[in-house]
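First up is the structure itself, then whatever we jot down about it.
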Amino acid sequence: MEKMDSTIQQAEMLKVTCGRHAADGTTNGIPDNQIQTLSVQTTGASQKDTNQKNAIEIVSSLTVRQNELIKKGDSLVVRTREAAKGAYGEDDRAKMNEFHVGNKIPVTVKGLISELRYTGNVASSHKTDLANHGIKDEQIGQLTGTADELSSVDSEQEAAKKKQKAATKERDTAMKALQKTIRKIQHTAKSVFADQPSVLIEFESITKRRGPGGQKNASPPAGPPAQ
């Protein structure tokens, strides 16, 4: 999320700036409690951003696997129906109906799982007839095995989607809290350093700084990056 990355970058730069202009016993500056809050929230927001990105990757990998299994399942059902047509002929309507020949393969995951299991059971009942037409015990096992794995992956994916949604909410909450802290520090700076415009520039948001021609630029940090 570009907005989150920008917020964290700004917070890291602001930590450095606050460190140079922190209040002490004799000099006005940014109070320690604000600096500490900024530091804790920056670390927390960064971690929640990482968690959310990891959650996306998990959902993505499960989706890829699910699509692979769907493709495999479709192929197995088609292959079994072709074997049935080869074994019994299209004139044997009873067998064609039993093998769902002519029916569309379900497009939903749950529908495909059901069709795979049904086809596996029918094929098992007629495995002697199908053996010489490309469907043996191995293929029958793949029908039921693919159904079981697809069911498992589907459940994992749904759970992962919920975790991703929760991680996204936590990340967004952390980002909003961090942005509020950044704004509070900037307001403090405008008061404390009202007579020091050169210092106030250091507290500006990077998205508000503009380069030549009025184009927005991300200005380099005034000091070394935070460690």
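The values are calculated or read from the model by the stated rules, or taken from the named source; none is laboratory data. Note that the structure is a prediction, hence the values are computed from the model and not measured. Virtual Cβ from ideal backbone geometry, glycine too; neighbours counted across all protein chains shown. Calculation scope for accessible area: heavy atoms of the full protein, side chains included, ligands and nucleic acids excluded. Shrake-Rupley method; radii C 1.70, N 1.55, O 1.52, S 1.80 Å.
Values as computed for the structure displayed
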{"item": "Options G111, G73: the member that is buried (at least 17 other Cβ atoms within 10 Å of the Cβ) and under 26 Å from the mean Cα position of the chain (by Cα)", "result": "G73"}
{"item": "Members of segment 1-32 that are within 24 Å of D195 (Cβ to Cβ) and either surrounded by fewer than 16 Cβ atoms within 10 Å (Cβ to Cβ) or of a type in the set (D, E) (or both)", "result": "G19, R20, A22, D24, G25, T26, T27, N28, P31, D32"}
{"item": "Candidate set from segment 96-106 (those that are touching a residue at least 12 places away in the same chain (Cβ under 8 Å) and not in a loop (DSSP other than H, G, I, E, B)); member that is least open to solvent (accessible area, probe 1.4 Å)", "result": "M96"}
{"item": "Qualifying residue in segment 164-176 (condition: within 21 Å of L14 (Cβ to Cβ) and polar (S, T, N, Q))", "result": "yes"}
{"item": "Pairs, first of a type in the set (D, E) in segment 1-28, second open to solvent by 70 Å² or more (accessible area, probe 1.4 Å), C-beta under 7 Å, six or more apart", "result": "E12/P225"}
{"item": "Residue match in segment 124-138 (condition: open to solvent by less than 30 Å² (accessible area, probe 1.4 Å), of a type in the set (V, I, T) and assigned to a helix (DSSP H, G or I))", "result": "no"}
{"item": "Cross-chain or 6+ apart pairs with Cβ under 6 Å, segment 120-135 first and under 17 Å from D92 (Cβ atoms), then among the polar types (S, T, N, Q) and surrounded by 13 or more Cβ atoms within 10 Å (Cβ to Cβ)", "result": "A123/T80; I135/T80"}
{"item": "Any chance V59 is surrounded by 15 or more Cβ atoms within 10 Å (Cβ to Cβ), in contact (Cβ under 8 Å) with a residue 24 or more places away in the chain and closer than 28 Å to K161 by Cα", "result": "yes"}
{"item": "Failed condition for V78, given (1) assigned to a loop (DSSP other than H, G, I, E, B); (2) open to solvent by 30 Å² or more (accessible area, probe 1.4 Å)", "result": "(1)"}
{"item": "Subset of segment 178-204 [within 17 Å of N28 (Cα to Cα), in a helix (DSSP H, G or I) and of a type in the set (S, T, N, Q)]", "result": "Q186, T188, S191, S198"}
{"item": "Subset of segment 170-198 [under 20 Å from H21 (Cα atoms), hydrophobic (A, V, I, L, M, F, W, C) and surrounded by 12 or more Cβ atoms within 10 Å (Cβ to Cβ)]", "result": "L178, I182, I185, A189, V192, F193"}
{"item": "Some residue of segment 202-216 being open to solvent by less than 40 Å² (accessible area, probe 1.4 Å), touching a Pro at 6+ places or on another chain (Cβ under 9 Å) and at pLDDT below 95", "result": "yes"}
